[in-house]
1. For Gln56 and Glu31, calculate 0.36 nm times their separation in residues minus their Cα-Cα distance, and state this gained length in nm to one decimal.
2. What nm value, rounded to one decimal, do you get for the distance between Glu98 and Glu39 when each label is placed 7 Å out toward the C-beta?
3. For a quick check of understanding: with a 1.4 angstrom probe and all protein chains in place, what accessible area in square angstrom does His149 have, to the nearest ten?
4. Residue separation times 0.36 nm, minus the C-alpha to C-alpha distance between Gln68 and Ser127: what's the value?
5. For Gln16 paired with Leu91, estimate the spin-label separation in nm (one decimal), with each label point 7 Å from Cα along the Cα-to-Cβ line.
Amino acid sequence: MSKPILQQTPDTELWQQVREGSLQAYGEIYERYWETLYESAYWRLYDKAVAKDIVQEVFIYCWQKREQIQITTTVEGYLRVAVRFKVLNHLKSEEAREKYRQLAGRELPEITWSTEEAVAGADLQASYHRELQRLPDKMRQVFIDSREHGLSVREIAQKHTLSEQTVKNQLSAALKKLREGLGGFFLD
């Protein structure tokens, strides 16, 4: 297909071509949404390099997992949600939080969701919880204590009477299983 024809092709058809391995269709999707996604990430992070990295990571992920990704809303909605999750994961790191506080003060940016982004986010959340329930009980509890309750490895070890190394092993195994179940993207 030539470039002008691809520019007129609807996203859903382009995504189907991407799933079949078309670099041209992938390039067209990239051209359509890269700038918008970058701006969205930048205005939440105020860091050009990190915003570019996040958008690039999303596109790399989409290419690598193209055969497994089932987009039930729109391509743009899916990409926006993916970028938003990557931004939120980045902001969770203490270093990034401190840098953000220094750059933008203590006020967090307001995050609004379109209907399609909310649906895609809900789908992702449901997938995450489904994969979480598939973990063995002890592994799931260790993971929840770490990621959802914010406990340190030492605190988790004491709570469950485990060695710190066992806790680390359980967290590593849980992340591996969740990445496999979710395509490896959202748990950085």
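1. On the way: separation 25, 0.36 × 25 = 9.00 nm, distance 1.22 nm.
Separation in residues times 0.36 nm, less the Cα-Cα distance, equals 7.8 nm.
2. 3.4 nm
3. Approximately 110 Å² for this residue.
4. 19.9 nm
5. 3.7 nm
The values are calculated or read from the model by the stated rules, or taken from the named source; none is laboratory data. This one's a predicted model, so the numbers in the text were calculated from it and none came from an experiment. Because the Cβ atoms are built from the backbone with ideal geometry, glycine has one as well, and the counts that use them run over all protein chains shown. Just so you know, the surface numbers come from the protein's heavy atoms only, side chains and all, with ligands and any DNA or RNA stripped out. Shrake-Rupley method; radii C 1.70, N 1.55, O 1.52, S 1.80 Å.
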